[in-house]
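Single-structure report; data block below.
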Amino acid sequence: MALLPILRYPDPRLHKVAKPVQAVDDRIRTLVRDMAETMYDAPGVGLAATQVDVHERVVVIDVSEDSNDLRVLINPEIIWKSEETQVYEEGCLSVPGIYDEVERAARIRVRTLNQEGQTVEFDAEGLLAVCVQHELDHLMGKVFVEYLSSLKQNRIKTRLRKQEREAMKA
Ligand code: NI
C-alpha cells in the first residue's frame, strides 16, 4: 500500500484526458488500493486517477459517514442524467480549501466495471450523484472550479500559487 501525491490545481496535468483501462488486472487493483488509501488519508469522498497523475479511467468514491462503503469505478460512463438539477457546495483534494456551488444533474445512472472486471449499473442521487459527476469530470481533464466565473477562477489560482510558494519557504 502507498499514499500517492495528489496534483494541485492549476497543475496542467489535471487537464489531461484519461484513457480507458485495457484490462482489470493486478496493476489496476494495486492502483485502486493505493488511490483508496490516499482518499481516506486525505480525507476525501472521491479521487480520480487523473489527480494522482495516472491518466486511465479509474475512480474511487466513498460518501458513507463511516468510510466503509468504497465504490470502485473503472471505465465508468453516465448513461442517463435527470433534467432536474441540484446545486451543491463542492470541494476537491486538488483544490484545497476552496468550496463553491456547482449545479449538476440531480439523478444519474452509471455503467462501470468493478474491481473484478464485471459490468455493473447503479443509480445515484444526492451526494453520490454529485461525486460521480465531479470525478468523471476529472477523467475528462476538468476541475470543478472551471464551472465558476473566470474572476473566481483567477482568484483561486492566485491563492493556490501563493499557498504553494509559502509551503516551499516553510
Ligand atoms: Ni476533485
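Observations on the structure shown:
- Normalised by the number of residues in region 93-170, the average gap of Cα pairs under 8 Å and 6 or more apart makes the relative contact order 24 percent.
- Convex hull volume per residue, computed on the Cα atoms of region 2-44, equals 85 Å³.
- Considering all different alpha carbon pairs of region 62-128, the Kirkwood hydrodynamic radius works out to 13.6 Å.
- Among 151-158, 138-145, 13-20, the peptide with the highest mean count of other Cβ atoms within 10 Å heads the list, and the full ranking is 138-145, 13-20, 151-158.
- Pairs of lysine residues in the chain - Cα separation under 24 Å, sequence separation of 8 or more or cross-chain: 12
- Both radii were evaluated on the Cα set of the chain; the Rg over Rh quotient, with Rh as the Kirkwood radius, amounts to 0.96.
- Here's how it looks for THR85: its modeled amide H is under 5 Å from those of ALA106, which are all 5 or more places away or on a different chain.
- Entry note, region 33-170: relative contact order of 20 percent, from Cα contacts under 8 Å with a spacing of 6+ residues.
- A simple rule links phi to the HN-Hα coupling: the Karplus curve 6.51 cos²θ - 1.76 cosθ + 1.60 with θ = phi - 60°, which for region 64-80 gives 6, 5, 9, 6, 10, 9, 5, 10, 10, 10, 10, 6, x, 9, 8, 9, 7 Hz, with x for Gly and Pro.
- Amide H contacts of GLY46 (H built 1.01 Å from N, under 5 Å, at least 5 apart or other chain): ASP62
- Segment ALA170-LYS81, length gained on full extension (0.36 nm per residue, minus Cα span): 27.5 nm
Read-outs throughout are calculated quantities, based only on the coordinates presented, and are distinct from any laboratory measurement. The model shown is predicted, which means the values in this text are computed figures rather than measured ones. Here Cβ is always computed from backbone atoms with ideal geometry, including for glycine, and neighbour counts include all displayed protein chains.
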